[in-house]
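The values are calculated or read from the model by the stated rules, or taken from the named source; none is laboratory data. If you're wondering where the values come from, they're calculated on a predicted model, not measured in any experiment. Note that we place each Cβ from the backbone using ideal geometry, even for glycine, and neighbour counts take in every protein chain shown.
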Amino acid sequence: MSQGLESSGSVISDLTPNAQQSQVSFVAPVSSSPNTPARCSSSSSPDSWISEPSASSYSHEDEGIVTVLQSNEEKDKNHAVQQQERRGTSVLVSLFSGAMAGAVAKSIIAPLDRTKISFQTTNKRYSNKEAWLFLSNCYKNEGFLSLWRGNSATMARIIPYAAIQFTAHEQWKKVLGLNESTEHPTYKRFVAGSLAGVTSQFLTYPLDLARARMAVTSPDTYRTISQVFIKIVKSDGFFTLYRGLTPTMVGVIPYAGTSFGIYETLKAHHRSNQLKISSEPPVEPSSLERMLFGATAGLFGQSSSYPLDIVRRRMQTATLTGNSSAYSTIFSTITKVYREEGIVHGLYKGLSLNWLKGPISVGTSFAVFDYLKNMLDRRF
């Protein structure tokens, strides 16, 4: 019997490692017969034969899972931070590119702009000969730099105006879900441009009024742009700084909407034609093509709202010309101009000059903006 117990014990000892792993407990038989098989302990229920693994048996696995989860969370956070930084950089790039585009474009056509404003704000009859005489007299009497008189006020206005307008346009395009595809309806591009124009015009309007006043007065009247604001507020009150805002806001809707809408549509068609010609990624329009697209957009944009531009200038300079009561509203201004000067020589006075300077200005601004933005986007 002792030999039987010894042999049973040896079997048990051989099974012990596996039994410990499976958590099954074996005991020696209580029967005196050596042939009695080993049985499970009566104190152990079937559920306890295979128990839950201990913490140590899967601790390494858990650590790996936790590490992966933490790594994924960090990646998500870093990605979100990078996306936010890119958005911030994109806005800064748009602001800078827009500011430079506006400054370059307006500086190029500043003498023509001053000539146009001079005729718009008075009842002098416009002709190309008279426009040339105005430029010639300015040069002879006041010097070459007088052709850029009021350009400092223009820069003070156009830099924030163009920066806000181009940046607002990029943001409104995202809101409306616009991209380079030709599948988008044209009216969405018009809406994006109109909203961009309204946003920038409202925020910078007093600067536009100051520019108009400096363009039609002698150098002794307003030496600096700050003098314009001070004298206007003292003599006419603060709200005079916003005189003519209503026709400006009404006029900028068709102007900016048409300009941006046509320009973006022409770029989209250029991209579409490139895809039809070749399966390779489309080639971006050249600077010359962008200028032509912008010139076309500017030609239609300026023409669509020109009478309201006349109204705006008359209302802005009404106190200087002694027509404060006659040019107090849009309707009264249009009525007076129409009765005294007619449609062609009144409401559309100087339009031919605008057809010269408008395409140059708009084409240059669009081309410079796209060039700078694309270059800076590649670098940042």
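Every condition in (1) under 23 Å from residue 207 (Cβ atoms); (2) among the β-branched types (Val, Ile, Thr); (3) surrounded by fewer than 23 Cβ atoms within 10 Å (Cβ to Cβ) holds for residue 311 except the one numbered (3). Could you tell me whether residue 131 is among the aliphatic types (A, V, I, L, M), crowded, with 22+ Cβ neighbours inside 10 Å and either touching a Pro at 6+ places or on another chain (Cβ under 8 Å) or in the same structural domain as residue 307 (by TED's automatic domain parsing) (or both)? So residue 131 does not fit the description; no. Among the residues of this structure, residue 213 does not count as one that is more than 28 Å from residue 108 (Cβ to Cβ) and among the charged types (D, E, K, R). Residue pairs whose Cβ atoms lie under 7 Å apart, separated by 6 or more positions or on different chains, with the first residue in segment 352-380 and buried (at least 16 other Cβ atoms within 10 Å of the Cβ) and the second at pLDDT 90 or above and basic (Lys, Arg), are 361/106; 366/290; 367/290; 370/290.
Of the residues contained in segment 184-206, one or more are found to be part of a loop (DSSP other than H, G, I, E, B) and within 20 Å of the chain's Cα centre (by Cα). Just for helices (runs of 4 or more DSSP H) wholly inside segment 306-352: which have at least 1 residues that are more than 37 Å from the chain's Cα centre (by Cα)? Where helices (runs of 4 or more DSSP H) fall fully within segment 306-352 and carry at least 1 residues being more than 37 Å from the chain's Cα centre (by Cα), they are 318-321, 330-341.
Here residue 126 fulfils each of the conditions (1) exposed (fewer than 15 other Cβ atoms within 10 Å of the Cβ); (2) not in a helix (DSSP H, G or I) apart from (1).
When you check residue 233 against the structure, is it in the same structural domain as residue 102 (by TED's automatic domain parsing), touching a residue at least 24 places away in the same chain (Cβ under 8 Å) and either assigned to a loop (DSSP other than H, G, I, E, B) or not hydroxyl-bearing (Ser, Thr, Tyr) (or both), yes or no? Judged against the criteria, residue 233 is not a match.
Residues in segment 86-138 that are under 14 Å from the mean Cα position of the chain (by Cα) and free of Cβ contacts under 8 Å to residues at least 24 places away in the same chain: 86, 87, 88, 92. In segment 202-232, which residue that is farther than 22 Å from residue 102 by Cα and among the basic types (Lys, Arg) is surrounded by the fewest Cβ atoms within 10 Å (Cβ to Cβ)? The extreme case among them is 223.
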